[in-house]
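Reading through the structure tokens given below for one structure.
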Amino acid sequence: HDGLVRSYLLEGEMRQQAEGAAAALAVFEAGLRMLPDDGELMYARALMYAEAGRDADMERELRRMIELDPNDADALNALGYTLVDQARDLDEAAALLARAEKLSPDSAALLDSLGWLAYRRGDLDAALVKLRAAHAKLDDAEVAAHLGEVLWQKGERNEAQRIWSDALKREPGHRVLVETMRRLQP
């Protein structure tokens with residue numbers, strides 16, 4: 001079973017790089033016909049839905065994963081983050097992220113989500129603490145985009161630009177990072 005899941009995940013990743021999200025989704029669909037409700041394949045499909053801009057499908061998939069396993073920290077975090085990022089239902093997002101935090105308090109992805117939630121709620125100081133912690137653990141362009149945005153709003157523009165340009169060197173053209181920089185820089 002594990003080997004089969006691995007092979008679907010690997011093929012999906014290769015197909016995504018070669019042909020894009022739709023091709024990867026086809027692979028994950030096939031895998032889930034063979035292994036219905038497999039958590040890893042569902043998570044991969046949820047992320048690929050996001051990649052394809054199919055947010056409603058992604059949300060449905062994550063809610064189904066949480067229904068199947070209420071202690072799936074990755075799904076709780078991903079759904080919480082999605083709600084925060086779309087700036088809707090921050091209370092539900094906070095509840096999902098609090099459940100995820102009990103399960104995996106040290107996760108960099110979770111720290112990023114909690115920081116982004118604090119930012120959306122207007123608590124820049126709390127956001128900064130969480131996002132700095134996430135950034136220290138994870139060299140990720142999206143985390144750098146978030147941290148830079150909070151620094152920018154606090155008037156720490158030089159530090160924001162330094163963090164963004166470091167991240168851009170590592171991940172040129174990263175969509176969220178580029179969009180954030182374009183939106184905030186005059």
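Worth a mention:
- If the condition is being among the acidic types (Asp, Glu) and within 22 Å of the chain's Cα centre (by Cα), then region 151-172 contributes ASP166, GLU171.
- Screening ALA46 with (1) closer than 22 Å to ARG120 by Cα; (2) crowded, with 21+ Cβ neighbours inside 10 Å; (3) small (Gly, Ala, Ser); (4) out of contact with any Gly (no Cβ under 9 Å at 6 or more places or on another chain) gives one miss only, at (1).
- Just one of (1) touching a Leu at 6+ places or on another chain (Cβ under 6 Å); (2) buried (at least 19 other Cβ atoms within 10 Å of the Cβ) fails for ASP89. It is (2).
- Looking across LYS130, LYS102, one residue alone is free of Cβ contacts under 8 Å to residues at least 12 places away in the same chain and farther than 30 Å from GLY3 by Cβ. It is LYS102.
- Test result for GLU59, in a helix (DSSP H, G or I), open to solvent by 50 Å² or more (accessible area, probe 1.4 Å) and touching a residue at least 12 places away in the same chain (Cβ under 8 Å): no
- Any chance LEU138 is open to solvent by less than 50 Å² (accessible area, probe 1.4 Å) and either hydrophobic (A, V, I, L, M, F, W, C) or touching a strand residue (DSSP E or B) at 6+ places or on another chain (Cβ under 8 Å) (or both): no
- Looking only at region 165-186, and only at residues there that are farther than 13 Å from LEU131 by Cβ and hydrophobic (A, V, I, L, M, F, W, C), the one that is least open to solvent (accessible area, probe 1.4 Å): LEU177
Residue by residue, here is whether (1) of a type outside the set (Gly, Ala, Ser); (2) farther than 19 Å from ALA109 by Cβ; (3) more than 15 Å from the chain's Cα centre (by Cα) holds:
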position	(1), (2), (3)
ARG45	yes, no, no
GLU59	yes, no, no
ILE66	yes, no, yes
ALA78	no, no, no
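- Residue match in region 112-119 (condition: over 22 Å from GLN153 (Cβ atoms), within 14 Å of the chain's Cα centre (by Cα) and open to solvent by 20 Å² or more (accessible area, probe 1.4 Å)): no
- Residue within region 74-86 that is over 22 Å from LEU9 (Cα atoms) and surrounded by fewer than 19 Cβ atoms within 10 Å (Cβ to Cβ) present: yes
The values are calculated or read from the model by the stated rules, or taken from the named source; none is laboratory data. Because the structure is a prediction, the values reported are computed rather than measured. As a convention, Cβ positions derive from the backbone with ideal geometry for all residues, glycine included, and neighbour counts pool all protein chains shown. Each accessible area value is taken on the protein alone, full model and side chains, heavy atoms only, with ligands, DNA and RNA left out. Shrake-Rupley method; radii C 1.70, N 1.55, O 1.52, S 1.80 Å.
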